[in-house]
Amino acid sequence: MRLTIREFQAMNSAARRFLQRTVEFPLFQRMGLNDKHCDILEIGCGSGYGAVLLSTLSPRSYTGIDLMPEQIVLAQKRQLPNAKFMVRDATDLSCFPQETNDIAVIFGILHHIPQWREVIQECYRVLHPAGKLFVEEPDENLMAGVNRLFPGTHPQEAFFTLRILEEHLKVTGFVILERRRTFGMGFYSTRKP
Ligand SMILES: C[S@@+](CC[C@H](N)C(=O)[O-])C[C@H]1O[C@@H](n2cnc3c(N)ncnc32)[C@H](O)[C@@H]1O
């Protein structure tokens with residue numbers, strides 16, 4: 001779902017970038033997001049700050065997709081090397097042939113998508129065997145608070161517990177290599193067999 005203006009502003013604030021730079025990305029790195037020269041796909045890339053952080057891995061290619069054209073315009077302004085940004089719905093990644101990416105990254109977007117399970121399935125399809133998916137999402141309780149702060153962009157179907165998220169990762173075929181919980185957020189490092 002598209003963000004409201006208020007959530008769009010919060011997601012593109014200095015505070016959000018600080019959190020992503022000092023907590024989320026370093027945690028993913030400690031969980032194994034440190035392979036260099038890979039083909040990386042970021043789902044729900046927003047205005048491209050995740051791409052800035054991921055560019056420190058010198059990817060062979062980086063593709064960021066997001067539903068909101070406004071986000072993609074901001075991301076494209078960053079002019080990162082080997083980076084491409086596209087307006088796409090994460091539930092349909094048919095523009096990517098199967099098994100074409102080494103790494104997929106999700107910085108907290110599934111809770112905006114009623115068909116979030118399809119996004120995980122699409123990530124599985126586009127990853128190479130042994131490809132990695134890194135995903136962070138809020139637990140249901142944290143979501144309730146976030147939804148009070150930013151109502152209207154979190155569909156009821158996407159109020160899942162981390163246990164349900166984890167089950168779906170496994171049902172899809174991902175092997176969970178590591179899981180962490182911080183401030184009500186779940187972080188997963190997973191691999192396609
Ligand atoms: C909470 S923001 C997170 C943005 C960025 N990943 C970050 O961590 O700052 C959620 C993002 O997901 C995008 N989004 C929502 N539904 C989507 C969908 N179906 N397909 C692709 N992107 C989607 C929104 O446009 C928004 O940019």
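A few notes on this one:
- Sole exception among (1) open to solvent by less than 30 Å² (accessible area, probe 1.4 Å); (2) within 14 Å of the ligand (Cβ to nearest atom); (3) closer than 28 Å to Leu177 by Cβ for Pro59, by number: (2)
- One residue stands out in region 72-89 among those that are within 19 Å of Arg16 (Cβ to Cβ) and touching a helix residue (DSSP H, G or I) at 6+ places or on another chain (Cβ under 8 Å): the one that is farthest from the ligand (Cβ to nearest atom), namely Leu80.
- Taking strands (runs of 3 or more DSSP E) as the structural unit, those lying wholly within region 50-155 and holding at least 1 residues that are closer than 21 Å to Lys192 by Cα and more than 13 Å from the chain's Cα centre (by Cα) correspond to 61-66, 101-107, 127-138.
- Across region 137-184, the number of residues qualifying as touching a Leu at 6+ places or on another chain (Cβ under 7 Å) and crowded, with 17+ Cβ neighbours inside 10 Å comes to 5.
- Taking first residues from region 169-188 that are modelled with pLDDT of 95 or more and partners that are of a type in the set (S, T, N, Q), the Cβ contacts under 7 Å between residues at least 6 apart in sequence or on separate chains come to Leu169/Thr190; Thr172/Gln121; Phe174/Thr190; Val175/Thr190; Ile176/Thr190; Leu177/Ser189; Leu177/Thr190; Glu178/Ser189.
Conditions (1) farther than 19 Å from Ile43 by Cα; (2) of a type in the set (Asp, Glu), marked per residue:
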residue	(1), (2)
Glu118	no, yes
Val126	no, no
Phe159	no, no
Glu167	yes, yes
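- Residues within region 92-114 that are within 16 Å of the ligand (Cβ to nearest atom) and surrounded by fewer than 16 Cβ atoms within 10 Å (Cβ to Cβ), tallied: 4
- Residues of region 1-52 satisfying the condition of being surrounded by fewer than 20 Cβ atoms within 10 Å (Cβ to Cβ) and of a type in the set (Val, Ile, Thr): Thr4, Ile5, Thr22, Val23, Val52
- Residues of region 1-47 satisfying the condition of being within 13 Å of the ligand (Cβ to nearest atom), of a type in the set (Asp, Glu) and not in a strand (DSSP E or B): Glu7, Glu24
The values are calculated or read from the model by the stated rules, or taken from the named source; none is laboratory data. Every value quoted in this text rests on a predicted model; they were computed, and no experiment measured them. All Cβ positions, even for glycine, are placed from backbone atoms using ideal geometry, and neighbour counts span all protein chains on display. For accessibility, only protein heavy atoms count, side chains too; no ligands or nucleic acids. Shrake-Rupley method; radii C 1.70, N 1.55, O 1.52, S 1.80 Å.
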